[in-house]
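Read the structure below first, then the notes.
The values are calculated or read from the model by the stated rules, or taken from the named source; none is laboratory data. Predicted model only: the values in this text are computed from it and were never measured. Cβ: placed from backbone, ideal geometry, glycine included. Neighbour counts: every protein chain shown. Heavy atoms of the whole protein, side chains included, go into the accessibility calculation; ligands, DNA and RNA do not. Shrake-Rupley method; radii C 1.70, N 1.55, O 1.52, S 1.80 Å.
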Amino acid sequence: MTPIHAPRRSRPSLKTLWQQQFDAPAQEDVEDSLALRVFVQALVTVGIIAIDVSSADLTGIQGTSLWAVPVSIVGASWSWFRRRSRNIPVKFCIAIAMLLALATFLMRILAERNDTRLALAHLLIQLQVFHSFDLPRRKDLGYSMVIGLILIGVAATISQTFTFAPVLLAFLAIALPALTLDYRSRLGIQPRGMRLTKIGFSLRQMGAVLGVTLALGLVIFAFLPRFQGYQIRSFPVSAPIEFDGQFDGSTITNPGYVNEGSEGSGGEASDFGTNQGEGGEASEPGTVDTNSYYGFSSRMNQNLRGEMVPQVVMRVRSQAEGFWRVLAFDRYTGQGWEISRNTEEDIDILDRPRWTMRFFIPLSPTLNRTREVIQTYTVTAELPNLIPSLYEPKHLYFPTEQVAIDPEGSLRSPLNLTDGLTYTVVSQVPYRDRTRLREASIDYPEAVRRHYLQVPEAIAPRLQETTQAILARSANPLTDPYEQALYLTQYLKQNYTIQPDLPFLDPDDDLVESFLFDYAGGYPDHFSTALTLMLRSIGIPARLVAGFGAGEFNPFTGFYVVRNTDAYAMTEVYFGQYGWFAFDPIPGHEALPPTIRESDTFGVLRQFWNWIAGWLPSPVAGFLNGLFDAIASGASRAIAFITSLFSRGWIGGLVGLALLTGVGFLGWLGLMGWRALRYRLWLNQLPPMEAAYQQMVRWLETEGFRKSAAQTPLEYARTVSKHHSPSKADLIEEISHTYVQWRYGDRTPDLGKVRDRLKALKTNPVEQRSGK
């Protein structure tokens, strides 16, 4: 038989196959929910805006990403109308565009390898813009939602101000209905319109869920532990900055000062005279610049008058609060200070390796315990070429190839610090151990005696005699330099006043003599100058250090907001084998500047509470403070015990709840009893007059009037008296004046009378006053 062959089928040509694929219908799982697409687009738009708002905090430049908002909207609209088409040409164009975006990203990473967050965010924005032109399916919209979430997360890491908060709230408000619509789409439920009520989500429901989410988020944020030390060693640093010229490190340039005959940016030449340049006298009268702190120069003229206009100059993220040290002075000129060792031979130039931004800073030898503290600084206004940091820096991540360090431990940059500059410092901060510092050696090295004991011969005898007379007034003999420095610091705070209308000094006047004997006060920095010279007059090495106070902590951003008005000068005292420690004699400041503590794991919670307590009435804040102190002492031990009980099943859980209730109450009673006993023992160790005064302060604190460590006894009495009746106010002021006269005036108090006044204050002050 002849076999029967089936007719041969001709193979379709490549052109035919391509045409079939090109004309084939789109996938079956097309997302037809217009409401979901609108909310997803809104979510992405908010993410893009968040990156733009946050990057403006970091770089000072706005609008770098806003172009993506209208373009992505156009792409989303195109995707809606073409959702049932395969869009093959568009897919090819998207693939090519994404490859170009990846190449741009890689080039930017090479330029900004020390902080790739913005580069990553811009890559995601570009990918989202290209991706928005092809969104047929629900999972494609899901990719866009994930990109929006990543963008808001990146924006949160680089945000430094509270302007990010409204954007975050808007993202959360949009995300809730978007997630609801996505879930309903998975169930096959299509909305009947664009109104929230039509998509199964009421305004009341959304408001309730949004409120609960915000409350839980704030609680978690406040209680989340902040462990010491970064888990990575790649710190935020600006892109490398090229410096043309020879850097010798000896020049300090302050944008507010006149240098080499040219006018500074902050005022006319006549305002500053020649005292702020590299040459010229440092004593001519003048007016301070309204923007720049006058002390950030190689010479500090303290015969200037005026005030600065508040302006944010930098934001600092730090593991610990502190004094952002800028520079120190060693030579007193009679009406100011100067850095005596400021030549090329005195300055050390530090070079960093080309493959890293890290400089290694030489550390001073010390026997003291230290702790590593990491700080990241973002400059928001033009500053001098001086690099603020916590003392003492050991690593500096800075965008220039060279920096300098002077003999006083101050860091200098080849260029001024400009708006948008970011750098990181790793400091080895010493603990302030009072016991060890009191035992420090007074056999100072020759270099220390030569540079930090200088006092003008014309004032040295009188200054020494006055200082020794003040120390002799102490109730207990002061034999070690630490207690002497602390006592003189408190003495200046309590017996001298800030005088904003202080007249100019004559050419022959000495600042310290005028401060102590003529005006009994002066400008804030004059207090530190006086303390430094008083310590030197009795053989204690000291120098003047200038920098920025910690600033205002924002618990929501985690940054310290530092203004130009936070700049001031303090006194640094040298303790043999332990190094330099600061004392602050300025009224209204803490005598001992803020420093590291043993544990700051829950430091944000503490600062968050301090921020809230500032808005509460004093009695409420005082009550809550006492309550929180009582609860915190036994919390850590109780957690472990209760956890073990709950791990034994439901019976253990019930037992744990019962024990938690009973033991918690007994623990609170025991804590209160221990505090009362400890307080009594402490009072018994004090001199009778001191004990009486402390009892009055303690009673007033129980009334809700807590005494700040920065307040003098008379300042505290005046503040508290405003909130009491005239009879109580008279008793408070009488006890306070008697205490001050005993403590600083060497007068013997009538203890019987003081105790009667204290008893009357606590019982019936009206009858006591009428019986006088």
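Here is how the numbers come out for the structure above:
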read-out	value
All aspartates and glutamates inside 16 Å of LYS762 as judged from Cα atoms, apart from same-chain residues fewer than 8 positions distant	GLU701, GLU703, ASP730, GLU733, GLU734
GLU439 versus THR763: modelled label distance in nm, points set 7 Å from Cα along the beta carbon direction	4.8
Spacing of the two label points (7 Å from each Cα toward its C-beta) at LEU666 and ASP518, in nm	7.0
Distant-in-sequence amide H partners of ARG331 (H built 1.01 Å from N, under 5 Å)	GLU338, SER340
Calculated FRET value between ALA709 and GLN402, using beta carbons and R₀ = 35 Å, to 0.05	0.25
Heavy atoms of ARG473: accessible area, 1.4 Å probe, square angstrom to 10	90
Full-stretch length increase - HIS723, GLN741 - with 0.36 nm per residue and alpha-carbon distance subtracted	4.1 nm
Per residue Cα convex hull volume in Å³ - calculated over the range 298-366	206
Potential lengthening between THR104 and PHE360 on full extension [0.36 nm per residue; Cα-Cα distance subtracted]	88.9 nm
Ratio of Rg to Rh over the range 475-566 (Cα coordinates, Kirkwood Rh, two decimals)	1.06
Unsatisfied cross-links (Cα-Cα over 23 Å) in the set LYS493/LYS753; LYS493/LYS728; LYS394/LYS493; LYS728/LYS753	LYS493/LYS753; LYS493/LYS728; LYS394/LYS493
Cα-based shape type of the range 43-177, given that a ≥ b ≥ c are square roots of the gyration tensor eigenvalues and the cut on a/c is 1.5	oblate
Per residue, in Å², the accessible surface of the range 333-412 once ligands and nucleic acids are set aside, probe 1.4 Å	38
Cut-off under 5 Å, modelled amide H: who pairs with LYS394 long-range	VAL426, SER427, GLN428
